[in-house]
Every structure is written in C-alpha cells, then in structure tokens.
Amino acid sequence: MWVFTYKFDDNGYLVKYKARLVVRGDLQRYSIHDETYAATLASKTFRALMAITAYFDLDTEQLDAINAFTNSRIDEEVYVRCADGYEEQGKCWKLNRALYGLRRSPLLWFWDFSETLIGLGLVRIPEAQCLFVSSKIMVFFYVDDICILSHPNHKAEAIEFRTKLMEAYEFREIGELQWFLGIRIIRDRTQKILWLCQDSYIDKIITTYGVSSTRSVRTPMVNDNLLPFDRQADKQQIHLYQQKVGSVNYAAVVTRLDVARTTQKLSEFLVNPGLDHMQAVDRLLLYLKETKHLALQYGPNIEEPRFQCSSDASYADCESTRKSTEGYLFTLFGGAIDWRCTKQKTVSTSTTEAELLALSHSAKQLYWWQRFFSTIKLDLNEPYSLNCDNMQTVRLLLKESPKLVTKLKHIDVHSHWLRQEVEHQNLDVKWIATYEMPADGFTKALPQQKHKEFIKHLNLVDIKHLL
C-alpha cells in the first residue's frame, strides 16, 4: 500500500510531499521463530557521547540513509499484493529486499549496516549495540540517522571513512550535528560547551493538547499526595491521560530530568486516572511550556571529579503501598548522562534498608558505566565513587563490624554484596550532606526554592538567549 505524508524542516515549514510503498506487516503471518528485535541507541549512550564530544571538541557529521531498509536483502520468501496503480490480474509480487512495514525490516537493516561498519574496520561496543568505534572515529546510529564523531586531528581518517561508507549506501549529507531525534544540539566550540534542548518537542505537545493558563507555574508538581481514584474513569479520559503522560515521559527520559519524579508519580495512575491526576498532568505540561528552553549543559569548566554518581531514597513515601522511592544520577563532564526515578519493588522497614536497596541498584549501574568507558578507551584517571546522604547507611558499609539487623533476606543480601564490593575496593561510598545531594529531586516533590537548587545541581540552564 502507499503511505502519503509531508516532510517538514527543523522550523516546521513544508519541504516536500512524500509517498512511500509499505508492506502491511500487521497482516504478516506470525511465527514464534521470527526474530524481529533490532537494537536502537539508548538515550544515556547518546548523552554520554555528547558529553565526550563537548569535552574533547570532536567534529560531528550527520548522514541520513535514503530508503535504508531497501538496502537489505530478505532471508525468507515473502509475497505481497501489487501496489495501487501497478495491479496485474492474477499476479502478486515476491519481495527481494526489505520494505518499510515488514516485521523483520529493521533487524535486517541493522544487521546489514553493522556488517558494513565492521568491514570498514570498526568494532561494535557490547554495551551499546548501535555504537561502533576505531582508534580514530566513533559512529552511532538510530535506524537510518547516522553520526560520525572524530577529533579534528583525525579529519583525514573521518573523510576517508565517510567516502567508503557512501560507496556502500546512498546518503543525504546533513552536515554538523544540530538535531537528533527531535533534540536540538547547540555548541560553543570556543568554550567547549554543548547543550541539549527539547524546546521544539515541548512546543509540539503543548499545541497538541492545547494547554494554556494565565498563572505562572514554577514547579512540576505541588506535592506527592496523589491517591488512587476511588471511582471508574471513562475510556476517553483514560486514553487522554495516557497520551499526555506518555508525551511528557519522552522529555523526562531524554533531557528534562527535572520532571522525572513527577512523571514517575503520574505513571502510577495510568489505568484509572481521576480529576486530580488530570489536573496534575496539565500542570506539568504548563511547567514544561514555561521552562521549555532549559537544556542539559556539558563542558570542561567543571570541578573534579569529572564523573559523579549519586543515590538517594525516600522511605515509605507511597501512602497506599508504603513502598519507598529511589533515584540515582550520573554526570559526566558537568552534565547528566543517566538518571532513574522509580518505586522500589518491595517494602522496606527502615530508612537504612531503603537506602541500601537504592545504593545496590546504583552500584550495578555504576559498574555498567565502568565497562562502557573501558570499552571505548575513555580513561578518566580518577576513582569511581557513589554519593549517599544517609550517614547510617554509609557507616554500615564502611565499618568493619556491620550492625544491620533485618529479617528481610533480600535486604541482607544487598547489604553483604555492597560490603563485599567496598572491602574489595571495587566501590567507594561517600557521604554528602542532603543539601548537596543532586538526586534529591528524584525522590520527592520539592518546594519552589529547593526546586531551583535542584535544577542548578542538574546543570540545566536556560538557553533562550542562544536561539
């Protein structure tokens, strides 16, 4: 079938009309043996690469693969109806190449492009399947959006690689990386600073939902005291609420970590939202509208250490389940690259237990980043430490004789594992004051002044003057 659409530029102006021939993959016969999953670039990997780009002043070049999927030959027999305008009585088409809509097309393209990159001398990063590196360049891609990173001293090697790549596929040359998956990328190369902003995406969702107000909104959420709706919401209300929360969640997981806690809290009521929940998500949209120019900033003018990790927990803050909320934050070269805000899966019986669980989860994520940095040969030349603002928890892990008394086996296991890692010097846990804890806003709703400080800790800056 034909799919007709419009192509717009980065400013929203119509560029051209597009017609694409696609396969009805939803009608394709399903088989449990069919492998369809194709890896995509994780947001945290993209942010880490942007931090590295800023710090080392790397050159960037963006390419867009033209009709990417059709470069891949299919490995099975697939027959389709003739497209409108090309019908022949009693005949159908046999596909030789992957078409858009075919269930395995993304995977076939991923395999094909990956093999090409490996053939050109690059090595795949195990922790990030869409990132390939050599001693001179790095290449990452998200389906058909490709970006090449290289140091100015290795410009000749980057040009040679691009030339060979363009011999294998047809690309549209976009130039320096300025937009990626709806994220605006701004650089000041003289200061070695890079910003990531989603102002265009926020404008889009505000227009979609028509949210407006004359009052000023300075925080994403008034308080955490949202309770389940005691009646049944209608289907239209549920659908609209899910759309709104899903829309703001994309911003929360890509650049707007200041609304991560609010989004996590609102996500608890996706199945049956009430009026309070609808008002809360509308308030969040208004907050995003007023702060749409807040951007993640990466750059060299930072205090040591260059890589920082922080973990925090809020004990039994869920009034309906008494589960605790935990969060972590990882920053590289001054900007956030990884964060998480979630409700713990089990109920803890003390603040220390909740903090231990949060530390354990954060430590495992820290080890992932250690492996990632090691694989891409990024030597920060500094010890990896994990910040915690609960003195009792830190003492429990650092003292020779542990004094945790708990009848919860899983808590005890996490405690012993953390002590083991500390004793083997694989992990360094440090205490910091609560007012210095950058992950504090991931576990609770903050008043206006503390929220401002939270934003400052996150190194989110307003870049309206740069646009």
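The values are calculated or read from the model by the stated rules, or taken from the named source; none is laboratory data. On a predicted model such as this, the values are computed, not experimentally measured, just so you know. Glycine gets a Cβ as well: all are built from the backbone with ideal geometry, and neighbour counts include every protein chain shown.
The table below gives the values:
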| read-out | value |
| --- | --- |
| Sole residue being part of a loop (DSSP other than H, G, I, E, B), outside the structural domain of ARG231 (by TED's automatic domain parsing) and buried (at least 23 other Cβ atoms within 10 Å of the Cβ), chosen from SER310, SER362, SER348, SER320 | SER348 |
| Subset tally (residues that are surrounded by 18 or more Cβ atoms within 10 Å (Cβ to Cβ), outside any loop (DSSP other than H, G, I, E, B) and in contact with a Ser or Thr (Cβ under 9 Å, 6 or more places away or on another chain)) for segment 118-140 | 9 |
| Qualifying position, being at pLDDT below 90 and loosely packed, with under 14 Cβ neighbours inside 10 Å, among GLU115, GLU87 | GLU87 |
| For THR190: the one exception among (1) assigned by TED's automatic domain parsing to the domain that holds THR45; (2) in a loop (DSSP other than H, G, I, E, B) | (1) |
| Filtered residues of segment 331-345 (kept if buried (at least 21 other Cβ atoms within 10 Å of the Cβ), touching a residue at least 40 places away in the same chain (Cβ under 8 Å) and over 17 Å from VAL461 (Cα atoms)) | ASP338, TRP339, ARG340, CYS341 |
| Check on PRO228, buried (at least 17 other Cβ atoms within 10 Å of the Cβ) and outside any helix (DSSP H, G or I) | no |
| Residue match in segment 398-412 (condition: modelled with pLDDT of 85 or more and surrounded by 20 or more Cβ atoms within 10 Å (Cβ to Cβ)) | no |
| Hits in segment 408-452 - residues which are touching a residue at least 60 places away in the same chain (Cβ under 8 Å) and outside any helix (DSSP H, G or I) | LEU408, LEU427, VAL429, ILE432, MET437, PRO438, ALA439, THR443, LYS444, ALA445, LEU446, PRO447 |
